[in-house]
Amino acid sequence: MYAITGITGHVGSGAANILLTNNLPVKAVLRNESKARQWLTKGAEIAIAELHDEQALQVAFEGTHGVFIMTPPLFDSPNPIADHDLMLAALTLAIEKAKPGKVVYLSSIGAHLPAGTGAIKKLYDMEQLFQKLRIPTVGIRAAWFMENFTGGIAPAKASGQLSSFLNPTDMSIPMIATKDIGKLAAELLQQTWTGHRIIELEGPCQYSANDVAAILSGRLNRNISAKAITADDYEAVYQSFGCSTKASSLMAEMNNGFNSRHIVFEKNGHEHITGETLLEDALSAYINS
């Protein structure tokens, strides 16, 4: 049995669907029981647990060969770091008591850095805690999600301009499709190892905002150019998306970390894996919708 948190998102659902397709048992760990039906239909078991509920998480994780953990971004939280710390405390205690066979968790590029990474600091904290667990763990340090650009497709189609937090717009960075993250998570849950691992994951190519604009131009049959959002406007833009003041500040710091090349892969002997999905393929479904 494999317990999957974050199963309603792209990464968690991708991992769960691969396991179920291979006739492996999956337990969907859900915060909302209303979302259980689709997973019951697919043959999964259901566990209802908030990520700050230690006892419910322990029950969800008991008797499993492995657990996949992906924590939410907490964009609307008044204090994302503090809220995430509560989740990490509950998750850590639940894992220690339930003793699953292994833990696979989603981390991020830059999660080796203790400061200057904004929202990624939550995942630095996760790595520090999970690497003290007395069971095998592996953190997937994923690159910038290709799907981060999907929210800008409709405005770009309407205006001919793609807004970009990456600045300058010709700066290429490692990116990865969520499909490839889910695939790796499913593979790791089926592996056996000892100790603690870190895997850096990026796609087959590095891309810039200009590359995204070029792809959209070709697919939408109109000229689209990328325009960088200025750093001074980051927080206001995120607040316009519905993020809290502190979440907006963390996201602004993260973007500045990417743009200054502070947020990069650590390398340093860690495993490094390249996904298969190209940016144009990752965006294809969103472009055509």
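The values are calculated or read from the model by the stated rules, or taken from the named source; none is laboratory data. Please read these numbers as outputs of a predicted model, since none were measured by experiment. With ideal geometry, Cβ positions are generated from the backbone for all residues, glycine too; neighbour counts draw on all protein chains shown. Heavy atoms of the whole protein, side chains included, go into the accessibility calculation; ligands, DNA and RNA do not. Shrake-Rupley method; radii C 1.70, N 1.55, O 1.52, S 1.80 Å.
Tabulated results
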{"quantity": "Ellipticity estimate at 222 nm from DSSP helix runs (n ≥ 4, -39,500 (n - 2.57)) divided over the chain, nearest 500", "calculated": "-12000 deg cm²/dmol"}
{"quantity": "Inter-site label distance for Leu86 and Gln38 at 7 Å from Cα along Cβ, in nm", "calculated": "2.8"}
{"quantity": "Peptides 223-231, 4-12 ordered by average Cβ neighbours within 10 Å, highest first", "calculated": "4-12, 223-231"}
{"quantity": "Kirkwood Rh, Cα atoms: Rg over Rh of the range 137-228", "calculated": "1.11"}
{"quantity": "Percent breakdown of C-alpha pair distances by 10 Å bin, ordered from the shortest bin, for the range 185-289", "calculated": "11, 27, 36, 22, 4, 0"}
{"quantity": "Out-of-range pairs (alpha-carbon distance over 26 Å; input Lys42/Lys102; Lys99/Lys267; Lys42/Lys179)", "calculated": "Lys99/Lys267"}
{"quantity": "Mean accessible surface per residue for the chain, computed with a 1.4 Å probe while every protein chain stays in place, in Å²", "calculated": "45"}
{"quantity": "Globularity index of the range 11-154, i.e. its alpha-carbon radius of gyration over 2.2 N^0.38 Å", "calculated": "1.07"}
{"quantity": "Amide H contacts under 5 Å for Gly66, placed H, 5+ residues apart", "calculated": "Ala3, Gly101, Lys102"}
{"quantity": "Mean Cβ count within 10 Å, highest first, over the residues of peptides 37-44, 194-201", "calculated": "194-201, 37-44"}
{"quantity": "The chain: relative contact order in percent, alpha carbon pairs under 8 Å with at least 6 residues between", "calculated": "20"}
{"quantity": "Label-zone membership for the range 87-106, site Glu50, 7 angstrom Cα→C-beta point, backbone N under 19 Å", "calculated": "87-95"}
{"quantity": "Surface share of carbon and sulfur [accessible, 1.4 angstrom probe, percent] for the chain", "calculated": "50"}
{"quantity": "Full-extension gain in nm, Leu113 to Ser172, via 0.36 nm per residue minus C-alpha separation", "calculated": "19.2 nm"}
{"quantity": "For the range 203-265, the fraction of alpha-carbon pairs in successive 5 Å shells from zero, as %", "calculated": "3, 16, 18, 18, 19, 17, 8, 1"}
